[in-house]
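Participant: Below you'll find the structure I mean.
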Amino acid sequence: MQKLYKPLRVGFILAFMAAISTIFVSALYKLQVYDTRPAEEQLYPRVTVSRTQTLTASRGNIYDRNGVLLASGRPTYNITLDWLALTAAPDMNAIIQELIFAAMDEDVAYIDTLPITRGAPFTYLSEMTASQRSRLGRYFEYYEARLDPDISESDLLAWLRGHYRIDYTVGISEARLIIGVRYELEIRNIIQNLAPYVFASDVSPSFVSLVEERALVGVNVEVGYVREYHTSYAAHLLGYISSMSPAQLEKYSQLGYPMDALVGQTGAELAFEDILHGVDGSQSITSSSTGAVLSVTTKSEPVPGRNVYLTMDIGLQEATEDALRLFIESSNAEIEDETEKIPGGAVVITNVWTGELLASASYPTFDRATLFQNFAFLNSDPTNPLYDRAAQGQYYPGSTFKMVTAFCGLREGVIGRWTEIDDVGKYDKYIGDGTGYAPSCWIYPSSGVGHGPLNVVNALERSCNYFFIAVSDRLNPVELAEERDITISAAAGYTLAAAASEFGLGQKTGIEVPERAGILSSPEYKMNALHDGWYSADTLMTAFGQGHNKFTPLQLANYAATIANGGTRYSLTLLRRIKSADLSELLYVHTPEAVHVIEETEYIQILQEGMRAVTRTPGVGTAAREFADYPIKVAAKTGTVQVESQDINNGVFVCYAPAENPEIAISVVVEKGGSGSAIMSIARNVLDYYFRTGATVLSTPFGELVP
């Protein structure tokens with residue numbers, strides 16, 4: 001009987017099935033065990049985009065001397081665009097258009113500085129900023145072979161539309177919006193030192209969620225920090241931060257700053273930039289062509305900035321600014337002639353034993369919250385609200401300089417404590433020398449007489465011009481004249497300048513914020529600046545504060561403090577201490593720095609006696625009207641300055657208190673303030689606040705001293 005199957009055929013079939021099974025098992029093993037790449041990577045095995053993202057370091061906080069928070073960093077979300085990812089996308093313009101429409105729907109402001117209006121009729125912006133004009137010029141230069149700088153707005157838009165390959169099915173209004181963003185991205189490839197493009201900054205979490213849900217290729221959400229100020233006061237003193245200027249970019253790039261870093265521009269933000277700024281970290285992000293993040297690798301962690309504690313007392317700062325503002329505004333309200341209104345002023349308060357700046361007010365001031373929106377207006381305002389008059393304003397000292405003349409006369413031996421000089425009203429010694437110069441005491445024009453016989457204390461009390469004119473004329477530095485081969489008058493000028501310099505006048509105070517050195521009048525200065533010699537009239541005018549001397553309110557306050565503490569001039573400072581980012585470690589504590597000590601304390605004591613007399617007797621002392629009945633004894637000096645080209649005098653006032661055991665020194669300067677005695681109420685209001693106890697600050701009306 002024949003077999004139904006053949007063994008050879010069965011063996012072949014079994015072998016074939018075994019081979020097929022082996023192949024399938026191997027494939028499954030390779031797929032499920034050996035090759036574990038994600039499904040997305042299988043679909044797009046080689047199309048990936050890597051980018052480096054900055055991990056922004058938080059900027060250090062700023063506190064006042066008592067630990068009150070003045071400035072801090074708040075985490076914020078920024079929307080950025082990745083140029084490489086966008087160019088690799090199938091339709092870059094569609095992605096940008098979708099992002100713009102999303103921003104407009106959510107009322108999110110985004111950056112578009114192309115200087116052509118966003119809506120029809122399209123025209124160049126009438127108020128194009130210098131930055132916009134410069135960038136557009138560089139753009140034309142880059143494409144000079146293809147673009148005429150005189151091209152019309154419509155022709156430029158048409159060219160840009162073709163250049164960026166925007167489909168003509170897109171309306172011209174929508175195309176203009178896309179062009180604006182494309183221009184922002186391209187101009188940064190043309191101008192290499194521009195900060196990276198941020199589409200929108202400080203956006204809401206809801207907009208972040210919307211962007212992330214849409215997963216737009218090349219559109220990223222980055223975390224940064226925005227500076228927040230917790231007081232509307234101290235605008236000049238605290239300053240502000242913003243993007244770097246070209247000069248700053250060159251400087252800070254060498255220190256490792258990224259191009260889009262925000263840096264201090266004025267005030268404490270600028271002065272302590274190296275302390276406050278942190279060190280940014282970075283991370284590498286790899287994404288697929290669809291925008292999905294495949295991996296994130298942190299290269300370096302961000303290092304936050306350190307915290308700065310200022311010497312300023314924010315409560316005193318507020319009281320000082322209010323006192324200055326209320327005086328100027330109330331005075332101007334009573335003046336009808338615009339040319340006679342007070343344009344500005346400044347007040348400075350220092351600790352007489354440490355050189356710490358307790359408060360510094362400059363009027364007018366500005367609001368940091370609207371600074372950048374109103375910058376052009378503020379910058380063109382004739383009253384110059386951006387100008388820090390306290391640190392950079394240079395003013396004639398007027399009669400506040402008389403303590404220098406008195407000190408010089410005492411030290412040179414031309415007067416003693418009880419030496420009397422008879423003020424007859426007009427000093428006519430040089431009237432016949434060809435110059436006709438015959439200065440008079442301030443009392444002479446109205447009375448026809450002088451103060452009569454006065455000693456140095458009486459002369460300071462009454463602010464007698466004649467006395468100090470006579471003192472300067474008695475200076476006879478023969479040895480100095482012979483040594484330098486100059487006239488006695490020139491030698492007297494150098495002697496006065498040297499004495500003023502010992503009190504810190506005409507030189508920087510050492511404060512960390514930007515300040516000016518002022519002008520210290522001397523024969524050398526006059527020759528170099530005015531190309532003229534020094535005459536007797538120069539010595540006489542300098543003696544009572546009407547020469548070429550110009551000092552800052554900072555210098556005047558430090559001058560008063562030097563007299564108050566007995567002759568030690570301290571370097572002024574705004575920095576009290578530094579703490580680590582987490583506040584756990586104290587890194588620096590300020591120690592008072594004496595930069596000069598005047599050895600002749602007996603003469604300083606005479607100046608102190610004279611300044612106390614200024615506030616003592618009503619009708620006699622020039623500041624007695626305000627301070628004779630004041631519960632705290634005050635030592636002071638008033639000053640009235642005649643300024644060329646204006647009919648109304650500047651007012652200058654310096655004081656310290658308490659007179660017997662000084663704590664603070666104050667300088668006040670008011671442009672067109674009239675006189676020192678007219679503006680001294682500002683200082684009184686400041687003293688009112690300072691000498692109140694903490695428990696009564698809120699319950700006592702401003703301007704009323706607690707008994």
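The values are calculated or read from the model by the stated rules, or taken from the named source; none is laboratory data. What you see is a predicted model; the values in this text were computed from it and never measured. So basically every Cβ, Gly included, is an ideal-geometry build from the backbone, and we count neighbours across all protein chains shown. Note: areas computed on protein heavy atoms with side chains; ligands, DNA, RNA excluded. Shrake-Rupley method; radii C 1.70, N 1.55, O 1.52, S 1.80 Å.
Participant: Of all the C-alpha pairs in the chain, what % are more than 34 Å from each other?
Facilitator: Working: 148765 of 249571 pairs.
Result: 60 percent of Cα pairs exceed 34 Å.
Participant: With the Cα gyration tensor of segment 458-516 in hand, convert its eigenvalues to equivalent ellipsoid semi-axes via √(5λ) and list them largest first in whole Å.
Facilitator: On the way: eigenvalues 134, 86, 10 Å².
Here the semi-axes work out to 26, 21, 7 Å.
Participant: When Lys and Arg each count +1 and Asp and Glu each count -1, what net charge do the other residues less than 15 Å away from M104, Cβ to Cβ, add up to?
Facilitator: The answer is -3.
Participant: Also, I was wondering about something else. Percent relative contact order of segment 242-373, based on C-alpha pairs within less than 8 angstrom and at least six residues apart? Working shown, then result.
Facilitator: On the way: 148 pairs, mean separation 21.1, N = 132.
Dividing the mean separation by the residue count of segment 242-373 yields 16 percent.
Participant: With an 8 Å Cα cut-off and a minimum separation of 6 or more residues, compute the relative contact order for the chain in percent.
Facilitator: Numbers: 1358 pairs, mean separation 93.1, N = 707.
Across the chain, relative contact order equals 13 percent.
Participant: Sort 321-328, 276-283, 115-122 for me by packing, meaning the mean count of neighbouring Cβ atoms within 10 Å per residue, highest on top. The partial results should precede the final answer.
Facilitator: Details: 321-328: 20.8, 276-283: 18.8, 115-122: 13.2.
So the order, starting with the most tightly packed, is 321-328, 276-283, 115-122.
Participant: Assuming a viscosity of 1.002 mPa s and a temperature of 20 °C, what translational diffusion coefficient in µm² per second does Stokes-Einstein assign to segment 165-291, Rh being the Kirkwood radius over Cα pairs?
Facilitator: On the way: Rh = 17.9 Å.
Answer, rounded: 120 µm²/s.
Participant: To the nearest 0.05, what FRET efficiency results for L255 and T339 with a Förster distance of 51 Å applied to their C-beta separation? Mind showing how you got there, number by number?
Facilitator: Numbers: r = 48 Å, r/R0 = 0.94.
After rounding to 0.05, the efficiency reads 0.60.
Participant: What ranking of K299, K402, K426 comes out by heavy-atom accessible area, probe 1.4 Å, highest first? Kindly include the intermediate steps, with their values, before the conclusion.
Facilitator: On the way: K299 130, K402 0, K426 80 Å².
From most exposed to least exposed: K299, K426, K402.
Participant: If I stretch the segment between V595 and K633 completely, what's the gain in nm (0.36 nm per residue apart, minus their alpha carbon distance), one decimal? Don't jump to the answer; show the numbers that get you there.
Facilitator: Working: separation 38, 0.36 × 38 = 13.68 nm, distance 2.81 nm.
Between V595 and K633, full extension yields an extra 10.9 nm.
Participant: Of all trypsin sites (Lys or Arg not before Pro) in segment 580-683, which ones are in loop regions per DSSP and have a Cβ with at most 15 other Cβ atoms within 10 Å? Don't skip to the end; give the middle numbers.
Facilitator: On the way: sites: R612, R616, R625, K633, K637, K672; in loops: R616, K633, K672.
Loop-located and lightly packed - K633.
Participant: What is the packing order of peptides 59-67, 309-317, 447-455, 403-411, taking the mean over residues of other C-beta atoms within 10 Å and listing the highest first? Present the calculation step by step, with values, prior to reporting the outcome.
Facilitator: On the way: 59-67: 20.0, 309-317: 23.2, 447-455: 16.3, 403-411: 24.9.
Peptide ranking by packing, descending: 403-411, 309-317, 59-67, 447-455.
Participant: Sticking with this one: May I ask you to derive the relative contact order of segment 577-690, considering only C-alpha pairs under 8 Å and at least 6 residues apart, and to give it as an integer percent?
Facilitator: Numbers: 192 pairs, mean separation 18.8, N = 114.
Reported relative contact order: 17 percent.
Participant: On to the next question. To test your reading of the geometry: what angle, between 0 and 90 degrees and rounded to tens, separates the Cα axis of helix 7-29 from the longest principal axis of the chain?
Facilitator: The helix 7-29 is inclined about 10 degrees to the chain.
Participant: Name the shape class, rounded, prolate or oblate, that the alpha-carbon gyration tensor gives for segment 410-568, where a ≥ b ≥ c are the square roots of its eigenvalues, rounded holds for a/c under 1.5, and otherwise prolate holds if a/b is larger than b/c and oblate otherwise. Before the final figure, lay out each step's value.
Facilitator: Values: a/c = 1.63, a/b = 1.23, b/c = 1.32.
It is oblate, given that a/c is not under 1.5 and a/b is not larger than b/c.
Participant: Roughly how far apart, in whole Å, are the Cα centres of segment 86-165 and segment 253-287?
Facilitator: For segment 86-165 versus segment 253-287, the Cα centre distance is 29 Å.
Participant: Report the calculated FRET efficiency for L210 and A247 (r = Cβ-Cβ distance, R0 = 25 Å), to the nearest 0.05.
Facilitator: Details: r = 39 Å, r/R0 = 1.56.
Given R0 = 25 Å and the Cβ-Cβ separation, E is 0.05.
Participant: Once you list every other residue whose beta carbon is under 13 Å from the beta carbon of D64, what net charge do they have if Lys and Arg are +1 and Asp and Glu are -1? Show your work: numbers first, answer last.
Facilitator: Details: positive: R65, R576, R577; negative: D313, E318, E356.
Summing Lys/Arg as +1 and Asp/Glu as -1 gives 0.
Participant: For helix 153-163, what angle does its Cα long axis make with the longest principal axis of the chain, in degrees from 0 to 90 and rounded to 10?
Facilitator: 40
Participant: Rank A158, S295, Y110 by how far each Cα sits towards the positive end of the charge dipole of the chain (+1 on Lys, Arg Cβ; -1 on Asp, Glu Cβ) and give me just the farthest.
Facilitator: After comparing all options, I get S295.
Participant: So if R0 is 51 Å, what FRET efficiency would F375 and V478 give, r being the distance between their Cβ atoms, rounded to the nearest 0.05? Show your work: numbers first, answer last.
Facilitator: Details: r = 57 Å, r/R0 = 1.12.
The formula returns an efficiency of 0.35 here.
Participant: Once you've got the Cα coordinates, tell me which of K429/K672; K402/K672; K341/K637; K508/K633 are over 26 Å apart.
Facilitator: Numbers: K429/K672 32 Å; K402/K672 21 Å; K341/K637 24 Å; K508/K633 30 Å.
Over 26 Å apart, Cα to Cα: K429/K672; K508/K633.
Participant: For segment 486-625, what is the Kirkwood hydrodynamic radius in Å, using each pair of distinct C-alpha atoms?
Facilitator: On the way: mean 1/r = 0.0572 Å⁻¹.
Over segment 486-625, the inverse of the mean reciprocal pair distance is 17.5 Å.
Participant: Follow-up. How many nm is it between the label spots at E106 and W418, if each spot is 7 Å from the Cα in line with the beta carbon?
Facilitator: For the pair E106/W418, the computed spacing is 8.5 nm.
Participant: Per 5 Å bin from zero, what fraction in whole % of the C-alpha pairs of segment 332-489 is there, up to the bin with the longest pair?
Facilitator: Distribution as computed: 2, 7, 11, 12, 13, 12, 12, 12, 9, 6, 4, 2, 0 percent.
Participant: What is the dipole size for segment 430-563, taken about its Cα centre, with +1 at each Lys and Arg Cβ and -1 at each Asp and Glu Cβ, in debye to the nearest 20?
Facilitator: On the way: 7 positive and 13 negative charges, 88 e Å.
Its charge dipole is roughly 420 debye.
Participant: At what distance in nm do the modelled label points of R625 and I191 sit from each other, each positioned 7 Å from its Cα along Cα→Cβ?
Facilitator: Taking the simple label geometry, R625 and I191 are separated by 5.6 nm.
Participant: If you don't mind, another one. Give the residue list of trypsin sites (Lys or Arg not before Pro) in segment 209-298 that are DSSP loop and have at most 15 other beta-carbon atoms within 10 angstrom. It would help to have the intermediate numbers written out before the result.
Facilitator: On the way: sites: R214, R227, K251; in loops: none.
Counting only loop positions with at most 15 other Cβ atoms within 10 Å, none of the trypsin sites (Lys or Arg not before Pro) in segment 209-298 qualifies.
Participant: Multiplying the sequence separation of T123 and N528 by 0.36 nm and subtracting their Cα-Cα distance, what value in nm do you get? Numbers along the way, then the final one.
Facilitator: Details: separation 405, 0.36 × 405 = 145.80 nm, distance 5.19 nm.
That works out to 140.6 nm of additional length.
Participant: For a protection proxy built on the mean count of beta-carbon atoms within 10 angstrom, sort 235-248, 358-371, 79-92 highest first, please. Let's see the in-between values first.
Facilitator: Numbers: 235-248: 19.2, 358-371: 21.1, 79-92: 17.4.
For the peptides 235-248, 358-371, 79-92, the packing ranking is 358-371, 235-248, 79-92.
Participant: Could you work out how much longer the chain between H163 and E228 gets when fully extended? Use 0.36 nm per residue separation minus the Cα distance between them, nm to one decimal.
Facilitator: On the way: separation 65, 0.36 × 65 = 23.40 nm, distance 4.10 nm.
Residue separation times 0.36 nm, minus the Cα-Cα distance, leaves 19.3 nm.
Participant: Less than 14 Å Cβ to Cβ from Q646, Lys/Arg counted +1 and Asp/Glu -1: what total charge do the surrounding residues give? Before the final figure, lay out the partial values.
Facilitator: Values: positive: K341, K672; negative: D337, E338, E340, E644, D647, E671.
After counting each charged neighbour, the total is -4.
Participant: May I ask you to list the GluC sites (Glu not before Pro) in segment 588-658 that are in a DSSP loop and have at most 13 other Cβ atoms within 10 Å of their Cβ?
Facilitator: Details: sites: E593, E599, E600, E602, E609, E626, E644; in loops: E593, E599, E600, E644.
Passing both the DSSP loop test and the Cβ count: E593, E599, E600, E644.
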